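Novice: So that we are looking at the same thing, I have put the structure below in structure tokens.
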Amino acid sequence: MALLIQNIQQLAGIRYKNKLLRGAELAQLSVLDNAYLVVEEDTILDFGVMEELSGAEAYEEVINASGQTILPAWCDSHTHLVFAASREEEFVAKLKGMTYAEIAAQGGGILNSAKKLNAMPQELLYDLASERLLELMQKGTGAIEIKSGYGLTVEGELKMLRVIKQLKERAPIPIRATFLGAHAYPLEYKENQDGYIKLLINELLPNIALEKLADYVDVFCEEGFFSVAAMDTICNAAAKYGLQPKLHVNQLNSFGALQKAIELKAVSADHLETMTEKDIADLAASSTIGTLLPTAAYFLRMPFQPARALIDAGAAIALASDFNPGSSPSGNMNTVVSMSCIQMKMLPEEAINAATTNGAFAMGVQEQTGSISIGKKANLIFTKPIPSINYIPYAFGSDLIDKVMLNGEII
Ligand code: NIG
Ligand code: FE
């Protein structure tokens with residue numbers, strides 16, 4: 001049975017051809033004024049302008065969207081949604097002047113999260129993650145990538161990935177899983193880093209492949225974490241199991257990690273707070289998507305990512321939340337979109353495209369979602385009445401979402 005949504009003030013994010021957007025293309029957000037959209041089951045069946053709508057009486061179910069704007073749901077291509085506990089005590093310690101290194105030395109940071117996650121039963125971890133996911137869906141997230149990386153033991157990493165697999169099976173949205181065993185070296189391996197890399201390659205990867213627990217591999221490539229050489233070794237090993245890389249690079253330093261990510265044909269290179277002119281040019285000339293995480297830069301008081309320079313150089317960029325307890329304790333994509341315009345001078349059209357269609361490409365779900373296109377899932381955001389799409393990033397503190405439709409159903 002088909003559902004008609006009529007009198008839509010603006011239907012935004014229409015795409016007739018699925019295409020990763022780069023450079024100037026990012027500003028092209030196709031919008032229909034006074035539009036209708038037809039949903040059959042979970043799929044977009046048709047759309048157009050109201051004047052061309054015929055047979056409206058035949059629909060049993062009709063939604064009137066007068067005054068409302070409809071957008072494709074957000075595609076959040078970089079999160080660490082599965083974690084055992086928040087870390088607001090570290091946040092306050094930092095406010096009081098403690099450094100990240102001091103916190104880490106006391107067992108804080110990623111290792112703190114790992115300790116708590118290893119102690120938590122899988123069922124509880126699932127319940128917490130599932131609650132967080134529901135909150136994000138209500139805020140408009142209609143596809144999400146989720147990483148492991150708070151296990152850092154064979155059992156802990158497998159537990160996290162199994163939770164993600166359960167979410168995949170039960171949640172109404174496309175979910176992609178990424179293996180981030182190389183997030184931090186556990187204390188026991190501090191003097192034996194090669195030993196930990198061997199554990200990832202010899203003990204984790206084969207099991208992950210056997211249970212089909214991951215779609216991608218990630219490495220946190222930074223000074224004090226994983227080297228460029230370690231990233232190369234891990235990604236080459238993961239490639240044998242069909243896992244493509246999506247990588248944490250150039251967050252704190254620029255030391256060749258981005259260039260290696262490009263050479264490894266990474267689907268995306270994520271973070272990019274620290275970018276030289278050469279880094280910007282190299283990324284723009286590559287097929288790798290640059291995924292910008294402005295809320296992480298904000299929370300850590302780091303310079304924002306050079307979105308303008310990247311777009312002007314012709315790069316393909318996506319926006320994501322980096323939701324995690326340490327550097328971005330929010331997965332609200334509305335905030336991400338707003339912050340991108342306010343702090344990185346992205347245009348509203350560029351930000352919306354980067355957070356929808358390009359986000360979908362950055363996690364391989366572009367056939368299913370990311371735009372208003374016939375045959376794609378009806379994963380839609382209905383805004384409250386707003387004057388124009390520019391109002392979405394502009395009114396940064398307002399909740400502009402009236403309702404969210406996922407798979408053709410209002411949640
Ligand atoms: O993406 N940069 C590395 N990993 C996370 C932070 C992890 C944490 O502090 O728990 C990030 O920002
Ligand atoms: Fe991250």
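The values are calculated or read from the model by the stated rules, or taken from the named source; none is laboratory data. What you see is a predicted model; the values in this text were computed from it and never measured. Backbone-built Cβ (ideal geometry, glycine too); neighbour counts: all protein chains shown.
Novice: Report every pair of residues separated by at least 6 positions or lying on different chains whose Cβ atoms are under 9 Å apart, first residue within the stretch 322-347 and at positive phi, second basic (Lys, Arg) and more than 16 Å from ligand 2 (Cβ to nearest atom).
Specialist: Cβ pairs passing all conditions: LYS345/ARG308.
Novice: Restricting to helices (runs of 4 or more DSSP H) lying wholly in the stretch 205-311: which have 1 or more residues that are within 14 Å of ligand 1 (Cβ to nearest atom)? Can you show your working first?
Specialist: Values: elements: 205-210, 228-239, 257-263, 277-284, 294-299.
Of the helices (runs of 4 or more DSSP H) lying wholly inside the stretch 205-311, those with at least 1 residues that are within 14 Å of ligand 1 (Cβ to nearest atom) span 228-239, 257-263, 294-299.
Novice: Now a separate question. Scan the stretch 26-41 for residues that are on the phi < 0 side of the Ramachandran plot and either surrounded by 16 or more Cβ atoms within 10 Å (Cβ to Cβ) or not charged (D, E, K, R) (or both) and jot them down. If you could, list the steps in order and put the result at the bottom.
Specialist: Keep residues of the stretch 26-41 that are on the phi < 0 side of the Ramachandran plot, which gives 26-33, 35-40.
The answer is LEU26, ALA27, GLN28, LEU29, SER30, VAL31, LEU32, ALA35, TYR36, LEU37, VAL38, VAL39.
Novice: Oh, and also: Could you say which residue among ALA114, ALA129, ALA143, ALA104 is more than 21 Å from the chain's Cα centre (by Cα), closer than 17 Å to HIS80 by Cα and surrounded by 13 or more Cβ atoms within 10 Å (Cβ to Cβ)? It would help to see each step written out before you state the result.
Specialist: Numbers: ALA129 fails: more than 21 Å from the chain's Cα centre (by Cα); ALA143 fails: more than 21 Å from the chain's Cα centre (by Cα); ALA104 fails: closer than 17 Å to HIS80 by Cα.
Sole residue among the options that is more than 21 Å from the chain's Cα centre (by Cα), closer than 17 Å to HIS80 by Cα and surrounded by 13 or more Cβ atoms within 10 Å (Cβ to Cβ): ALA114.
Novice: Would you point out which residue out of ASN18, ASN7 is more than 15 Å from MET405 (Cα to Cα), at pLDDT 95 or above and in a strand (DSSP E or B)? Before the answer, list the steps.
Specialist: On the way: ASN18 fails: in a strand (DSSP E or B).
Result of the check over ASN18, ASN7: ASN7.
Novice: Taking the stretch 116-162, which residues are at positive phi and either β-branched (Val, Ile, Thr) or free of Cβ contacts under 8 Å to residues at least 24 places away in the same chain (or both)?
Specialist: Listed by number, the list is empty, since nothing qualifies.
Novice: Between residues in the stretch 352-374 that are assigned by TED's automatic domain parsing to the domain that holds GLN28 and without any contact (Cβ under 8 Å) to a residue 12 or more places away in the chain and residues that are part of a helix (DSSP H, G or I) and surrounded by 24 or more Cβ atoms within 10 Å (Cβ to Cβ), which pairs lie under 9 Å by C-beta distance while being six or more apart or on different chains?
Specialist: Qualifying pairs under 9 Å: none.
Novice: Another question, then. Working carefully through the options LEU264, LEU283, LEU292, LEU252, find the one that is modelled with pLDDT of 95 or more and within 16 Å of ligand 2 (Cβ to nearest atom). Walk me through how you get there before you give the answer.
Specialist: On the way: LEU264 fails: within 16 Å of ligand 2 (Cβ to nearest atom); LEU283 fails: within 16 Å of ligand 2 (Cβ to nearest atom); LEU252 fails: modelled with pLDDT of 95 or more.
Answer to the selection: LEU292.
Novice: Name every residue in the stretch 300-317 that is over 14 Å from GLU273 (Cα atoms) and either buried (at least 24 other Cβ atoms within 10 Å of the Cβ) or outside the structural domain of LYS94 (by TED's automatic domain parsing) (or both), in order of residue number.
Specialist: Going through the stretch 300-317, the residues over 14 Å from GLU273 (Cα atoms) turn out to be 311-316.
Scanning the stretch 300-317 gives ILE311, ALA315, ALA316.
Novice: Related question: Counting only residues that are of a type in the set (A, V, I, L, M, F, W, C) and more than 30 Å from GLY370 (Cβ to Cβ), which one in the stretch 117-126 is nearest to the chain's Cα centre (by Cα)? Break it down into steps so the answer makes sense when it comes.
Specialist: First, the residues of the stretch 117-126 that are of a type in the set (A, V, I, L, M, F, W, C): 117, 119-120, 124-125.
From the residues that got through so far, the ones that are more than 30 Å from GLY370 (Cβ to Cβ) too are 117, 119-120, 124.
Numbers: LEU117: 22, ALA119: 27, MET120: 25, LEU124: 23 Å.
Residue satisfying both the conditions and the ranking: LEU117.
Novice: Step by step: first the residues of the stretch 71-88, then only those that are within 13 Å of ligand 1 (Cβ to nearest atom) and among the aliphatic types (A, V, I, L, M), then the one that is surrounded by the most Cβ atoms within 10 Å (Cβ to Cβ). Which residue is that?
Specialist: Within the stretch 71-88, the match that is surrounded by the most Cβ atoms within 10 Å (Cβ to Cβ) is VAL82.
Novice: Follow-up. Just the residues that are more than 13 Å from ligand 1 (Cβ to nearest atom) and under 25 Å from THR141 (Cβ atoms), please, taken from the stretch 89-125.
Specialist: MET120, GLN122, GLU123, LEU124, LEU125
Novice: Looking at LEU243, is it more than 26 Å from LYS159 (Cα to Cα), away from ligand 2 (no atom under 15 Å from the Cβ) and buried (at least 16 other Cβ atoms within 10 Å of the Cβ)? Explain how you work it out, then say what you get.
Specialist: Working: more than 26 Å from LYS159 (Cα to Cα): no; away from ligand 2 (no atom under 15 Å from the Cβ): yes; buried (at least 16 other Cβ atoms within 10 Å of the Cβ): yes.
Considered against the rule, which asks whether it is more than 26 Å from LYS159 (Cα to Cα), away from ligand 2 (no atom under 15 Å from the Cβ) and buried (at least 16 other Cβ atoms within 10 Å of the Cβ), LEU243 comes out as no.
Novice: Here is a list of conditions, (1) at pLDDT 95 or above; (2) surrounded by fewer than 16 Cβ atoms within 10 Å (Cβ to Cβ); (3) in the same structural domain as ASN18 (by TED's automatic domain parsing), and LYS345 meets all of them except one; can you say which number that is?
Specialist: Every condition holds for LYS345 apart from (3).
Novice: Let me ask something additional. Counting just the residues of the stretch 321-343 that are in contact with a strand residue (DSSP E or B) (Cβ under 8 Å, 6 or more places away or on another chain) and not aromatic (Phe, Trp, Tyr), which one comes out nearest to ligand 1 (Cβ to nearest atom)?
Specialist: Step one: list which residues in the stretch 321-343 are in contact with a strand residue (DSSP E or B) (Cβ under 8 Å, 6 or more places away or on another chain), which gives 321-323, 331, 333-334, 336-337, 340.
Retained after the next criterion (residues that are not aromatic (Phe, Trp, Tyr)): 321-322, 331, 333-334, 336-337, 340.
Values: SER321: 10, ASP322: 5, GLY331: 12, MET333: 16, ASN334: 20, VAL336: 14, VAL337: 19, SER340: 17 Å.
Only one residue fits best here, namely ASP322.
Novice: Sort through LEU167, LEU161, LEU205 and tell me the only one that's crowded, with 24+ Cβ neighbours inside 10 Å, within 24 Å of LYS115 (Cβ to Cβ) and either away from ligand 2 (no atom under 15 Å from the Cβ) or acidic (Asp, Glu) (or both).
Specialist: Working: LEU167 fails: crowded, with 24+ Cβ neighbours inside 10 Å; LEU205 fails: crowded, with 24+ Cβ neighbours inside 10 Å.
The match here is LEU161.
Novice: Exactly one of (1) farther than 30 Å from LYS376 by Cβ; (2) at pLDDT 95 or above; (3) crowded, with 19+ Cβ neighbours inside 10 Å; (4) within 16 Å of ligand 1 (Cβ to nearest atom) is unmet by TYR196. Its number?
Specialist: Of the numbered conditions (1) farther than 30 Å from LYS376 by Cβ; (2) at pLDDT 95 or above; (3) crowded, with 19+ Cβ neighbours inside 10 Å; (4) within 16 Å of ligand 1 (Cβ to nearest atom), the odd one out for TYR196 is (4).
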